[in-house]
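Please read the structure below before turning to the comments.
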Amino acid sequence: MRGRTFTEILPIQPTRLRLAALIAVSVIGVVLAIPSVAYVVSNSDAPDRTFFLEAARRALNGIDLYTNWSASYQFRWSPVSAVLLAAVLPLGLTVWRLAQFGAVLTLRAAGWRWSSVLLVLATWPFWFDVQTANVLVFTFVLAVWALRGSAGATWAYLALFVLIPRPLALPVCVWLLWKRPVWRIRFAALVALSIVGVALMNGWGWIAAMTATLPSETYTNPLNLGPSRWIGFWWIPIGLALAVFFTWTGELGAASLAASPYLLPYYLLMGLVRAPENVRRNATFGPGVLPAGFRRRPRGRALAMESRVRSGRPEEVGDDPEQHRDEKQVP
């Protein structure tokens, strides 16, 4: 199967002008990545890892995760995720960053060309996530694989959304549940398990932390690349309306970016996500129907039939070969 180029995964197929714009944006992305690369090389820690370590410490010691915030600690994720972080963080920052690189490299197996994969690895959104040691790379890669029909990636993506319910990840989640009804009850089970975990940890402060009004500094943050940096709260209703439209049309990358109240550099990775073409044309697809470009290897009877068809002998497996001996062979 031929891999897709970087331009082929864009929501709109580019003309020469758009291709030139894409190249220009890619060059800018590579240049902007230089400070993040320098930070990774010269520092032994990462900003978001500091938050995660403090959240893990609080979770293990029964301390409220959602009070006494400061410039060095703010945590809006599920309390269950803090426990999971306590299990993962001891592996070290190097392992975390290697996992980020490894996750992007799996896109080659998802049908992406090496040129596309390497371009993602070279640009600012990826390196900003590596610099901060966040999870946007994992969210992005899981979204790509989930949309290709991977059950494991779908489980992981939905679970990650339950633990870290970012508006950025909502359109892909909605699209998966809309187009794949079999996952609705499974998603409900994940939500139920999350509620049980929150109750056991008495982590109801998480609800207040999630629903609290974003401070104005969030919008005016120099790293906010979204329209809300200039129009503030008013972007939220506009963005939600656009997200609904783009989700309906299958442009999930645009929908993800529109749904987010603000856009930090690593959020831009989700702009590369797009629904498979054949699923965009159909109402739903179940576990037996795979998106375009994702084909199971034939086995058993199907494999035997395929090899007969290729050789010009499309008779049923198990037929007597003698009855086809005198048939004209297809060249």
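Suppose we filter region 226-262 for residues that are part of a loop (DSSP other than H, G, I, E, B) and either β-branched (V, I, T) or in contact with a Pro (Cβ under 6 Å, 6 or more places away or on another chain) (or both); how many remain? The total comes to 2. Residue count for region 136-153, restricted to those that are surrounded by fewer than 23 Cβ atoms within 10 Å (Cβ to Cβ) and either outside any helix (DSSP H, G or I) or free of Cβ contacts under 8 Å to residues at least 40 places away in the same chain (or both): 7.
Taking the numbered list (1) more than 23 Å from P261 (Cβ to Cβ); (2) surrounded by 20 or more Cβ atoms within 10 Å (Cβ to Cβ); (3) modelled with pLDDT of 95 or more; (4) not aliphatic (A, V, I, L, M) in turn, R186 passes all entries but (2).
A quick yes/no check of all residues on (1) hydroxyl-bearing (S, T, Y); (2) in contact (Cβ under 8 Å) with a residue 60 or more places away in the chain; (3) closer than 23 Å to V27 by Cα:
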site	(1), (2), (3)
S70	yes, no, no
P79	no, yes, no
V88	no, no, no
V95	no, no, no
W124	no, yes, yes
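You will find that of A24, A71, A20, the residue that is touching a Pro at 6+ places or on another chain (Cβ under 9 Å), loosely packed, with under 12 Cβ neighbours inside 10 Å and at pLDDT below 90 is A20 and no other.
Every residue, every condition in (1) under 30 Å from P215 (Cβ atoms); (2) aliphatic (A, V, I, L, M); (3) within 19 Å of the chain's Cα centre (by Cα), yes or no:
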position	(1), (2), (3)
A46	yes, yes, no
W69	yes, no, no
W96	yes, no, yes
T106	no, no, yes
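Exactly one residue out of L89, L98, L32, L60 is buried (at least 16 other Cβ atoms within 10 Å of the Cβ) and out of contact with any strand residue (DSSP E or B) (no Cβ under 9 Å at 6 or more places or on another chain), and it is L89. A residue that is within 23 Å of T211 (Cβ to Cβ), modelled with pLDDT under 90 and of a type outside the set (S, T, N, Q) cannot be found anywhere in region 27-43. For region 34-50, which residues satisfy the criterion of being free of Cβ contacts under 8 Å to residues at least 24 places away in the same chain and among the hydroxyl-bearing types (S, T, Y)? Of everything in region 34-50, those that are free of Cβ contacts under 8 Å to residues at least 24 places away in the same chain and among the hydroxyl-bearing types (S, T, Y) turn out to be S42, T50.
The values are calculated or read from the model by the stated rules, or taken from the named source; none is laboratory data. This one's a predicted model, so the numbers in the text were calculated from it and none came from an experiment. Positions of Cβ are backbone-derived with ideal geometry, glycine not excepted, and every protein chain shown enters the neighbour counts.
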